[in-house]
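The values are calculated or read from the model by the stated rules, or taken from the named source; none is laboratory data. All of these numbers come straight from a predicted model, not from anything done at the bench. Here the Cβ positions follow ideal geometry from the backbone for every residue, glycine too, while neighbour counts run over all protein chains shown.
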Amino acid sequence: MAVNITSGLKPSSNPELNKAGHFMVDNHLGQMSRRSFTKAVASGPSLMGLAAHAASAAQPTAHFAALAKDETYWTQTVGQHYTRNPDFIQLEAGNFGSMARPVERAYQSHIERVNQQTSYFSRRQFDPMLVPIRQRVAASLGVDAEEIAFTRGCTESMQALISGYHKLKAGDGVLICDLDYDAMQTAMRWLKVRRGAQIIEIGIPEPASVAGILDTYRAALTANPQVKLMLVTHVSHRTGLVMPVAELVALAKSRGVDVLLDSGHAWGQLDFNLRDLGVEFAGFSAHKWIGAPVGVGVLYIKQARLDDIDDYMDIDAHATRQIETKIHTGTANFAAFLALKDALDFHEAIGVKAKEARLRYLRDLWTSQFADHERISVLTPSDPRLTCGLTSFRFKGETTSAANRARAAKLLSDFNIFSVHRNGVASGACVRVTPTMFTPKSDIDQLVTALVRMVRDV
């Protein structure tokens, strides 16, 4: 996991860097970081146990289903790498993810290096060090390194795509749904001002099904043939519903409609490949389920579609990579982006298939207790194609924001369980429950106990 340092100050052998006129890191300035980083990583428990249990992604589904139930593995082998808050039960991991200790230590080492070397680091070392990280991210998403750029989060990535998409003309329609993220809906509505677009809004029916979702979008596109752009949220932050992305993209393409994919909650939680999904524009966060420091995101534009997104505010086209003309973040947190490599190391040591299976298992533990319940509605179906670790519920008839805020507050005050209420769902507000990889089964059992008691207290 040591940072790659070469001796001497010389042109890089990487043609991408030579083209930009960058230089590799000189040895004497790299020694401090190399020693600090190696010491920091070595001071914690080995990650070998993670990979030994999670094994290869080629393992059969039954392997991951069994691993998902292995409490010793998740609470000890995985759990030893995290710092759990002793003051409450954390079931609101959806805001951003806790860094594993090896990532946190590496991040601190990167901060030390950046702080010591300041502008020398930013001007001569950062770009070369970012190249292999960019390649790792591209490989994780199943795309080319030339098709991604780094941002400070999924919101920034998606806003660049929405504001920069210039194929709309006055009167064209853009389609959004109730489960889309607030900031993304706002940005899509802004296209009415910016491009003269018509805004078409739909609600996803409950209970959701693959067929029902596709029928809803098909009906909307049929009724509104002027639609040219469609926002799809991979995993809804409101309910946790996982959209059938590949099918929706295929449907949209058959109607001449482009799709912008908001994948803020999917990367690191679900096993997918952008090429397989047919996606051409997308945004991601690395600080949710990949476990990088807060403030790390990714913008993806398929190579053949780069010209369909405006350069950011007519940015001076000095960038060596075309996609970097589509977003300008200014001076960002160098150490956070370097720690993305360490987060990917940890993420891949566990394996996305193992993480997906564990998170869905934790979700099913509590939702199965309230299937067809007379008082509690679970807002995502049991179909594993449409579920992940994040899921919401509401007490039947309680659709207001105030009622669900009160339910979340009661979970914390009476049962020491931290969750969050969510607004914006067409059928009404709800309470979101989001475990994480090191959440023990006992935390989920306490959630079930709390909800049963809350039902009895009504």
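GLY264 - would you say it is in a loop (DSSP other than H, G, I, E, B) and under 21 Å from LEU221 (Cβ atoms)? No.
On the basis of being crowded, with 21+ Cβ neighbours inside 10 Å and assigned to a helix (DSSP H, G or I), does PHE284 make the cut? Lay out the reasoning, then the answer.
Numbers: crowded, with 21+ Cβ neighbours inside 10 Å: yes; assigned to a helix (DSSP H, G or I): no.
Judged against the criteria, PHE284 is not a match.
Among the residues here, LYS410 does not qualify as more than 24 Å from GLY212 (Cβ to Cβ), under 25 Å from the mean Cα position of the chain (by Cα), of a type in the set (Lys, Arg) and not assigned by TED's automatic domain parsing to the domain that holds ILE213.
So that you can scan it fast, the table gives a plain yes or no per residue for (1) at positive phi; (2) free of Cβ contacts under 8 Å to residues at least 40 places away in the same chain; (3) hydrophobic (A, V, I, L, M, F, W, C):
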residue: THR367; (1), (2), (3): no, yes, no
residue: ASP372; (1), (2), (3): yes, yes, no
residue: LEU379; (1), (2), (3): no, no, yes
residue: ASP383; (1), (2), (3): no, no, no
residue: LEU390; (1), (2), (3): no, no, yes
residue: ALA402; (1), (2), (3): no, yes, yes
residue: ALA409; (1), (2), (3): no, yes, yes
residue: ILE417; (1), (2), (3): no, no, yes
residue: VAL420; (1), (2), (3): no, no, yes
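The residues of region 69-112 that are buried (at least 22 other Cβ atoms within 10 Å of the Cβ) and assigned to a helix (DSSP H, G or I), listed by number, are TRP74, VAL78, HIS81, PRO102, VAL103, ALA106, TYR107, SER109, HIS110.
Being more than 30 Å from TRP267 (Cβ to Cβ) and either assigned to a helix (DSSP H, G or I) or of a type outside the set (Val, Ile, Thr) (or both), is that true of even one residue in region 435-449? Checked region 435-449: at least one residue is more than 30 Å from TRP267 (Cβ to Cβ) and either assigned to a helix (DSSP H, G or I) or of a type outside the set (Val, Ile, Thr) (or both).
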